[in-house]
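The structure appears right after this line, and notes come after that.
No value in this document is a laboratory result; all are computed from the given coordinates. Only a predicted model underlies this, so the values are computations on that prediction, with no experimental measurement involved. Cβ: placed from backbone, ideal geometry, glycine included. Neighbour counts: every protein chain shown.
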Amino acid sequence: MDNTRIIKRVLYLFVTAVFAGFIFAGSACQAKQEFIVGFDAEFPPYGYMDENGDYTGFDLDLAEEVCKRRGWSLVKRPIKWDFKDSELASGSISCLWNGFTMNGRESEYTWSTPYVDNSQVVITSSSSGIKELKDLSGKILAVQADSSALAALEGENATDENKALAKSLKELQQVDDYNAAFMNLESGMVDAIAMDIGVASYQLSSKGDKFIMLDERLATEKYGIGFKSGNTGLRDEVQLTLFEMLKDGTFESIAQKWGLADSVCLSLEDTTYIDGSKVPANAGDSQENINNTDNTDVQQEDETDAQDNNVVKAGVPKAKKMGISQIIKQLSSGLAATVAIFVLTILFSMPLGLVIAAARMSKFKIIQWIAKIYISIMRGTPLMLQLIVVFFAPFYIFEVSTPYSYRFYAVIIGFSLNYAAYFAEIYRSGIQSIPQGQREAAQIMGYNRSQTFFRIIFPQMVKRVLPPVTNEVITLVKDTSLAFALSYAEMFTKAKQIAAAQTSLVPLFVAGVFYYIFNFIVAFIMERIEKRLDYYK
């Protein structure tokens, strides 16, 4: 048996084993019902990444206990909060459970009963001189985009006092996340920031005395679990389990662990949902031994046991500071994702760009115009928008639900289609820069069109376009961070999550060093290739 046949057989066995593994893994995963929780991974203490690289928080602990009691498999899925509605509508997640404000959104989702009373508060520098809300007049206030704080100031249900306060501001600045808000405040770019009291307490616990929280509240609201509108069956199952946890003291223990015992408002007496429907009659009944048990005694016993075993942790949890080595270790998984996006995009976009360039120079006008329109769209619209279209189009256009793994494919497709348009124009300029006389000389020597292109034109084109191609390749390294739009956790997304949990800019700087080293290596390789091709001047 020759070497070729051996290699083919080994490859066949390898592919067969891989597919068998996928099938086995898929059947194993289907053994339990998946409960997919969508959350913002930059929202401590409700949901964030801890020093071990695990997603944790008050809401995720509650979800984990619900899944444990229901026999479900919990999937913690960090999402970009701006696209939460599309994630829920497309079936990518089962619910939104992340300090999700019910006020103003009552009719948009199927809600659980409220479980946390929340307030919107204002944080400012200790030396700012701002003591009351009225002192914000003429100041710059930062809030997270699409947040409850923004709704409290400019939403339809905002009070007249808050609307007047918003008008009195010099500027109401919207930022991407709470960590960015604190960065603006620390650097003096804004005078104050508004956010949820739970997040504010977490942030202040690690900031020392540099900042203060105003006593006045912008608004009060309630948190609930948001399900897709009409999904009452899943909502009821989760609701009943939460009531079980409330009766046996588990709910309160988790709340005390995260310093939120004073904020919880889940009540067995709250038997009517916000949409007017009733909680099932067996609300609060345990599947095993809660029936006919005195609620007060059970709760007191559980609390005592928890305290004896040091399970309950009073006060606001503080982030454990990570060293540079820990940050690098956590970023490594994101770096692998960044490298994968980069390599696959180059692999697909460069050949595709050559095809598009050929179409752009075609003698057939219709093909030429199709290529021109494609290039115009790809270069004239934001890459982030293109990624969103590629990911959500199957659901919104064809009503096809996609698996979670499609996020990665959507990222590669979006990047490849975008960069192919840029490479196509670079190739076209290189091809058209070759003097016509060389084509005529090749024809005289007996070369056909295909031989002329690949033996005469293409090698010279490669040499001429290498510098602009290098620029695009370097830009691609940095653009990989846009994968966060599809909640794909590449390196920059990981850095932002760690920075939010650590209340520090260090993870972002470490990520910046990674990007620089990556680009340095890419630039070095491209420069070496350029020198190898510099066979004449």
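Some notes on this structure:
- Projecting the Cα atoms of Ser107, Ile193, Tyr516 onto the dipole axis of the chain, where Lys and Arg carry +1 and Asp and Glu carry -1 at the beta carbon, places Tyr516 farthest toward the positive end.
- Net charge dipole size for region 70-145 [Lys, Arg +1 and Asp, Glu -1 on Cβ; Debye, nearest 20]: 240
- Contour minus Cα-Cα distance for Val75 and Glu186 (0.36 nm per residue): 36.5 nm
- With both labels modelled 7 Å from their Cα along Cα-to-Cβ, the Arg217 to Met384 distance reads 3.2 nm.
- Amide H contacts under 5 Å for Val116, placed H, 5+ residues apart: Tyr223, Cys265
- Cα-based helix-to-principal-axis angle, 406-432 vs the chain, degrees rounded to 10: 30
- Estimated FRET transfer efficiency (Glu34, Ala358; beta-carbon r; R0 41 Å; 0.05): 0.35
- Here the relative contact order of the chain, from alpha carbon pairs under 8 Å that lie six or more residues apart, stands at 16 percent.
- In percent, rounded to a whole number, the relative contact order of region 66-183 is 20, using alpha-carbon pairs under 8 Å and six or more apart.
- Set Lys222/Lys278; Lys32/Lys329; Lys84/Lys321; Lys68/Lys278; Lys84/Lys222 screened for pairs whose C-alpha atoms are more than 27 Å apart: Lys32/Lys329; Lys84/Lys321
- Charged-residue dipole, Cβ positions (Lys, Arg, Asp, Glu), region 90-198 about Cα centre, Debye nearest 20: 220
- Sorted largest first, the principal axis extents computed over the alpha-carbon atoms of the chain equal 99, 67, 47 Å.
- Nearest-ten-degree value, helix 491-502 long axis tilted from longest Cα axis of the chain: 20
- Whole-Hz Karplus values for region 84-92 come out as 4, 5, 5, 4, 6, 5, 7, x, 5 Hz, taken residue by residue from phi with 6.51 cos²θ - 1.76 cosθ + 1.60 and θ = phi - 60°; glycine and proline positions read x.
- Dipole moment magnitude, nearest 20 debye, the chain about Cα centre, only Lys, Arg, Asp, Glu C-beta charged: 4620
- Against the main long axis of the alpha-carbon atoms of the chain, helix 365-380 sits at an angle near 40°.
- For region 357-415, chymotrypsin sites (Phe, Trp or Tyr not before Pro) meeting the loop criterion (DSSP other than H, G, I, E, B) and having at most 16 other Cβ atoms within 10 Å: Phe364, Tyr404.
- For the chain, with +1 on Lys and Arg beta carbons and -1 on Asp and Glu, the positive-most of Ser401, Ser206, Val116 along the dipole: Ser401
- For region 158-267, the relative contact order comes to 13 percent (Cα pairs under 8 Å, sequence separation of at least 6).
- Between Gln436 and Tyr404, the contour length at 0.36 nm per residue exceeds the alpha carbon distance by 6.4 nm.
- Label reach from Ser206 (point 7 Å along Cα→C-beta): in region 99-127, amide nitrogens under 19 Å belong to 99, 123-125.
- Length gained when the stretch Ala164-Lys134 is fully extended (0.36 nm per residue, less Cα-Cα span): 9.8 nm
- Farthest towards the positive end of the charge dipole of the chain, among the residues Pro459, Gln497, Ile444, is the Cα of Ile444, using unit charges on the Cβ of Lys, Arg, Asp and Glu.
- In this entry, region 413-514 is assigned a mean projected area of 8.2 nm², taken as a quarter of its C-alpha convex hull surface.
- Separation between Cα centres of region 108-127 and region 415-444, rounded to whole Å: 57
- Region 129-214: GluC sites (Glu not before Pro) falling in loop per DSSP and having at most 10 other Cβ within 10 Å: Glu132, Glu156
- Placing a label point 7 Å from the Cα of Glu106 along the Cα-to-Cβ direction, the residues of region 152-182 with a backbone N closer than 14 Å are 156-158.
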